[in-house]
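Here is the structure we will look at, set down as structure tokens.
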Amino acid sequence: MHKSLKIKYTYNCLIKFWHTNILLNLRHFTKGMRYLDFLKDDDVYLFNEGTNYYSYRFMGAHLIDGGCFFSVWAPNAKRVSVVGDFNGWDEQANLMKRYKESGIWYCFIEGVKEYDNYKYEIESAKGHITLKSDPYGFYSEIRPDTASKVFKIAGYDWEDGKWQEYKSKNSFYDKPVSIYEVHLGSWKKKDGDFLSYRELAKELVSYVKEMGFTHIELLPISEHPFDGSWGYQVTGYYSVTSRYGNPKDFMYFVDLCHQNNIGVILDWVPAHFPKDEHGLSRFDGTCLYEHENPLKGEHPEWGTYIFNYGRNEVRSFLISNALFWFDVFHIDGLRVDAVTSMLYLDYAKKDGEWIPNKYGGRENLEAIDFMKKLNEAVFKYYPNSLMIAEESTAWPLVTKPSYIGGLGYNFKWNMGWMHDTLDYMSMDPIYRKYHHDKLTFSMTYAFSENFILPLSHDEVVHGKKSLIEKMPMDYNEKFANLRALYGYMYAHPGKKLLFMGCEFGQLIEWKYDYELDWHLLNYDMHRKLQNYVKSLNHFYVENSCLYDVDFSWDGFRWIDHNDFNQSIIVFQRISKNKDFIISVFNFTPVLRENYRIGVPVKGEYREVFSSDRSEFGGFGIENEGVIMSEDLKWHNCSFSINIKVPPLSAIFFKLVPLKEGQI
């Protein structure tokens, strides 16, 4: 070859090599710079420190141009690979790298698409190999399959701006809160199958709005393998269950709730997790998310593991998960499940099944500190959210700020009120006068915490019977008892919660695998009970006396709590502007005519609501027209009125405003 031609040929080869290799490597390098931006030293440091509360933004699977970035925490693993649809589930195809000394493994894989299935194959230090779902996975296969699915979580176009603006300016302490508790899989079905999130958005949201509830509370919707756990044994904390659709379908559900001025609360389960092999258990071959000592790390009664709340990365994982629901899905509150089990090291354990804390006590100091930090983080970033503790003991200051020694929640389920009231209402009325204190005792502690009064799913399962079947006496009187119970709940200080089906008198216990017995609405009494709950909700929302001073004696005054012989109680609810409603409850099947009650102000009174109206299934006994007070002292009041109190009823009276010029 001629020398000049040879030089030219060599030059062209070099150019070709440079284009095909150096530029290709540069392209990979710049791509690497993009995906390595997910792992920043500061973020990783905070994650390892236990204070990165947005760790889902760099952990898990994240689609970017050309592929997907994966990262997982498995500090004690010998090898970690990403296996999935995109590589034929080949454990050698995409080996992950360690990120410095953080315990995090990462890699970038080209060609990965949304909805691709994947898992992490983890080889432990001892050589044991397991396939694990992604702890930070945003979406999952439908059970019984257990792989995570790549999903682009960003990009939903929210239309709930008005709701968010309202929430930013208002807390719920002095607002009406009437919660409809729902299990999505059994509220209603379609040809025996689940309704989708979008179908539920259409049907459930319109129903809740019509019924007058202010909030929906959902039993856990994080991914879980077993329907019969009702969602309380979670394997995918960041994954909205695929039973009803994908994450953006659930965003649509929340969005539509907000557009209809309905708040959304999720049940959240940081107390324990199941032992399913694909989940968090023994994640890298060691006790990573759980305690190594089974006396501290297991619930014998539930057959589950307890989170290691003292491990920094576990705190980052759990607190990030709480904020994830507020940030990504715009939810309004979390009801934290099984708080009691977190507080006590000996919860549901026998002697020898637990170990005391460093001071020799039964309190779980690490869990207590975790909950304080959890609530501090939530209220720092989402100030007017609802953080509700399901806590059944007399643990003090559950709903007080952490800086004064409280746990930092802003609401707590009033389990004492629930148990006492249901015990009382289940009695034959002839015996109720001997247990009058079950009605009145709740007021000795009603303002010690910010309470929600729950008639929840737990009270209509496991042989406890449905609410209507708990009620004594014959068919019609069961409904009258239940109406009186609901009226008492809505008048009593505290926010309200009612489980689905209870609003129309579901006869059988709740069954998670069947829809509610909607056919009961073909029967008169069930339809009238539903109408009563609807009317009661609207009456509650329209009368600030019943909600705007729920957590102070300023909003409540006994008129008579001593008439145990006739099983009647009378009290006054008072609003911020000093308007008031007088509530009268008769828990016997006897009409009380010419029954005198004290009233605080001279004037004309009118019955404004009654559970005994015929449209609700009652007898239709009314206090018609205006009732003029008399200058007759009664019940430590300077004035009194004479009324009729229907059997098994809740009735409400208001002062008629004076007309102009009237003295």
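The values are calculated or read from the model by the stated rules, or taken from the named source; none is laboratory data. Keep in mind it's a predicted model, so treat the numbers as computed, not measured. A quick note on method: Cβ atoms are made from the backbone with ideal geometry, for glycine too, and the neighbour counts reach across all protein chains shown.
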Applying the selection to segment 511-550, what residues are in a loop (DSSP other than H, G, I, E, B), within 30 Å of Lys576 (Cα to Cα) and hydroxyl-bearing (Ser, Thr, Tyr)? Tyr547
Would you kindly identify the helices (runs of 4 or more DSSP H) lying entirely within segment 406-494 that contain at least 2 residues that are closer than 26 Å to Ile265 by Cβ and of a type in the set (S, T, N, Q)? none
In segment 48-87, which residues are farther than 19 Å from Ile109 by Cα and hydroxyl-bearing (Ser, Thr, Tyr)? Thr51, Tyr53, Tyr54, Ser55
Where Ile651 falls short, out of the listed (1) touching a strand residue (DSSP E or B) at 6+ places or on another chain (Cβ under 6 Å); (2) buried (at least 22 other Cβ atoms within 10 Å of the Cβ); (3) part of a loop (DSSP other than H, G, I, E, B): (3)
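For every residue, the table says whether it meets (1) within 19 Å of the chain's Cα centre (by Cα); (2) touching a residue at least 12 places away in the same chain (Cβ under 8 Å).
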{"residue": "Gln164", "(1), (2)": "yes, yes"}
{"residue": "Ser171", "(1), (2)": "yes, yes"}
{"residue": "Lys189", "(1), (2)": "no, yes"}
{"residue": "Glu203", "(1), (2)": "no, yes"}
{"residue": "Tyr207", "(1), (2)": "no, no"}
{"residue": "Met211", "(1), (2)": "no, yes"}
{"residue": "His215", "(1), (2)": "yes, yes"}
So, in segment 109-129, of the ones that are buried (at least 21 other Cβ atoms within 10 Å of the Cβ), among the aliphatic types (A, V, I, L, M) and not in a loop (DSSP other than H, G, I, E, B), which residue ends up nearest to the chain's Cα centre (by Cα)? Ile122
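Taking only segment 557-576 into account, find how many residues are touching a residue at least 12 places away in the same chain (Cβ under 8 Å) and either in a loop (DSSP other than H, G, I, E, B) or basic (Lys, Arg) (or both).
9
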Per the filter on segment 387-426, residues surrounded by 17 or more Cβ atoms within 10 Å (Cβ to Cβ) and either in contact with a His (Cβ under 8 Å, 6 or more places away or on another chain) or assigned by TED's automatic domain parsing to the domain that holds Trp558 (or both) are Trp417, Tyr424
Go through the residues of segment 587-594 one by one and say whether even a single one is of a type in the set (Lys, Arg) and assigned to a loop (DSSP other than H, G, I, E, B). no
Please determine, by comparing only the residues of segment 36-53 that are under 15 Å from Val72 (Cβ atoms) and aliphatic (A, V, I, L, M), which one is modelled with the highest pLDDT. Val44
Out of (1) surrounded by 20 or more Cβ atoms within 10 Å (Cβ to Cβ); (2) over 27 Å from Phe447 (Cα atoms), the one Lys534 does not meet is (1)
Of the conditions (1) farther than 29 Å from Thr399 by Cβ; (2) assigned to a loop (DSSP other than H, G, I, E, B), Lys349 satisfies every one except a single condition; which number is it? (1)
Test of understanding: among Asn642, Asn623, which residue is in contact with an Asp or Glu (Cβ under 8 Å, 6 or more places away or on another chain), more than 27 Å from Phe504 (Cα to Cα) and either surrounded by fewer than 21 Cβ atoms within 10 Å (Cβ to Cβ) or among the basic types (Lys, Arg) (or both)? Asn642
Going by the conditions given, is Trp105 free of Cβ contacts under 8 Å to residues at least 60 places away in the same chain, among the aromatic types (Phe, Trp, Tyr) and surrounded by fewer than 21 Cβ atoms within 10 Å (Cβ to Cβ)? no
Restricting segment 130-163 to residues that are out of contact with any Pro (no Cβ under 7 Å at 6 or more places or on another chain) and either of a type in the set (A, V, I, L, M) or within 30 Å of Cys502 (Cα to Cα) (or both), the residue that is surrounded by the fewest Cβ atoms within 10 Å (Cβ to Cβ): Ala154
Considering only strands (runs of 3 or more DSSP E) fully contained in segment 49-108, which possess at least 3 residues that are touching a Lys or Arg at 6+ places or on another chain (Cβ under 7 Å) and of a type in the set (D, E, K, R)? none
All helices (runs of 4 or more DSSP H) inside segment 140-259 with 1 or more residues being within 30 Å of His272 (Cα to Cα): 184-187, 197-211, 247-259
